[in-house]
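> One structure, as structure tokens, below. Some questions next.
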Amino acid sequence: MSETFSYKNYSIVASLNERSIYLKVIDTVNFLSYEGNVDLKELRVSIDLEGVYKIIINCFKEESNYSVTISVNSGVLKLAFNALIGGFLKMNFEVLLREKLMSNDGQLTLNFNKLEQKQAQAIDSLTKKCTDLEDSVNKMKQIIDCCQIFMSNIYTPQGHWCDIQSNGQTQMNNISAKEITMTDHAGNIIWKNINVFYQLEKFTINGLTSQSNLKNLKNITIKELILGCGGGGAFTSLEGIQNFPNLEILTITAAPGLKDVVKVLTETKHKIKTLKFQGCTAVNVVELQTYCQVNNVFLAIS
């Protein structure tokens, strides 16, 4: 049975046969191929063929205390295997593989592979540029939105300031703030102004009473969102979490009416790596644990 590996710029195939070990190494940069069968006589080691094969596999996997060095000279590729077995036994041996000369058909296939690889690299580069451009456009749009809101707020020599609470509960915050904590006094938060904070990373709301408020929030820079829901049961849905595309940590406390966590997260493209729930008794714990295990999300629930 053959095993395949990717090691640096090489693609490797290895298999253990009855009397020899077959190795094929392809240089994915120059598209040169080297292959051959190696027996115990060539290796000059005092262990059996199966033991040698295991050492070779561990070296290609880059396991701890196992390594391989690859070099090429005059059409011959040299594999130098080094192993420290059990922490005390050193085992070193070399394998030489000759370059495989290709037929015209093989060379044609190789040329096609080169073109496909260059095309794939070009597509990756263009995709990254498009993503960067989209991020820049979104940032510019946010700045324009901010400018519109500035008209109704305050400018001082120390910078722009924005009021995020109304009805006499004024709370002025510098728009360059990276962390804000506030309390929703009976819906007095000016939700649209949260978008003004262009480098806000951590946002804490205490007394959040309805998921409709969450739908009105939007900020593309927030990485950590903490929602204290007061235990009244009015906060029942995560709908609106899509307004935080770079959110990584979400904490929700005292929301006994919250139910649709897995449904909303499954339907939303997000970057959440950590979920914390406390006092959210309606959440389906088994369903949420399964979702987090499958999607590699850390979960803390109590």
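> Identify, please: which residue in segment 40-61 is at pLDDT below 90 and of a type outside the set (A, V, I, L, M) and is, among those, farthest from VAL76 (Cα to Cα)?
Ranking the candidates gives SER46 first.
> Which condition breaks for ILE241 when tested against (1) over 22 Å from GLU179 (Cα atoms); (2) of a type in the set (Val, Ile, Thr); (3) buried (at least 16 other Cβ atoms within 10 Å of the Cβ)?
(1)
> Checking GLU62 against (1) assigned to a loop (DSSP other than H, G, I, E, B); (2) in contact with a Phe, Trp or Tyr (Cβ under 7 Å, 6 or more places away or on another chain); (3) within 30 Å of LYS118 (Cβ to Cβ), only one condition comes out false. Which one?
(2)
> Turning to a different aspect of this structure: Which members of segment 267-276 meet the condition of being over 17 Å from the mean Cα position of the chain (by Cα) and modelled with pLDDT under 95? Talk me through it step by step, then tell me what you get.
Taking segment 267-276 and keeping what is over 17 Å from the mean Cα position of the chain (by Cα), we get 267, 276.
Matches in segment 267-276: GLU267 only.
> If I ask for residues that are at pLDDT 90 or above and among the polar types (S, T, N, Q), which ones from segment 74-89 would you list?
Selection gives ASN82 alone.
> I want to confirm something. Restricting to segment 277-287 and keeping residues that are hydrophobic (A, V, I, L, M, F, W, C) and in a loop (DSSP other than H, G, I, E, B), which single residue is farthest from the chain's Cα centre (by Cα)?
ALA282
> Evaluate the following for SER71: is it within 30 Å of the chain's Cα centre (by Cα), surrounded by fewer than 17 Cβ atoms within 10 Å (Cβ to Cβ), assigned to a strand (DSSP E or B) and at pLDDT 90 or above?
no
> Exactly one of (1) surrounded by 17 or more Cβ atoms within 10 Å (Cβ to Cβ); (2) farther than 17 Å from ILE180 by Cα is unmet by THR209. Its number?
Answer for THR209: the failing condition is (1).
> Enumerate the pairs (first residue in segment 86-99 and over 12 Å from VAL25 (Cα atoms); second residue anywhere and part of a strand (DSSP E or B) and among the polar types (S, T, N, Q)) with beta-carbon separation below 9 Å, excluding pairs fewer than 6 apart on the same chain, so at least 6 apart or on different chains.
Pairs that qualify, where the first residue is over 12 Å from VAL25 (Cα atoms) and the partner is part of a strand (DSSP E or B) and among the polar types (S, T, N, Q), are LYS90/ASN82; MET91/ASN82; ASN92/ASN82; PHE93/ASN82.
> Are any of the residues in segment 220-242 assigned by TED's automatic domain parsing to the domain that holds ASP184, under 21 Å from LYS192 (Cβ atoms) and part of a helix (DSSP H, G or I)?
Yes: one or more hits.
The values are calculated or read from the model by the stated rules, or taken from the named source; none is laboratory data. Source: prediction; values computed, not measured. FYI the Cβ positions are ideal-geometry reconstructions off the backbone, even for glycines, and counts take in every protein chain you see.
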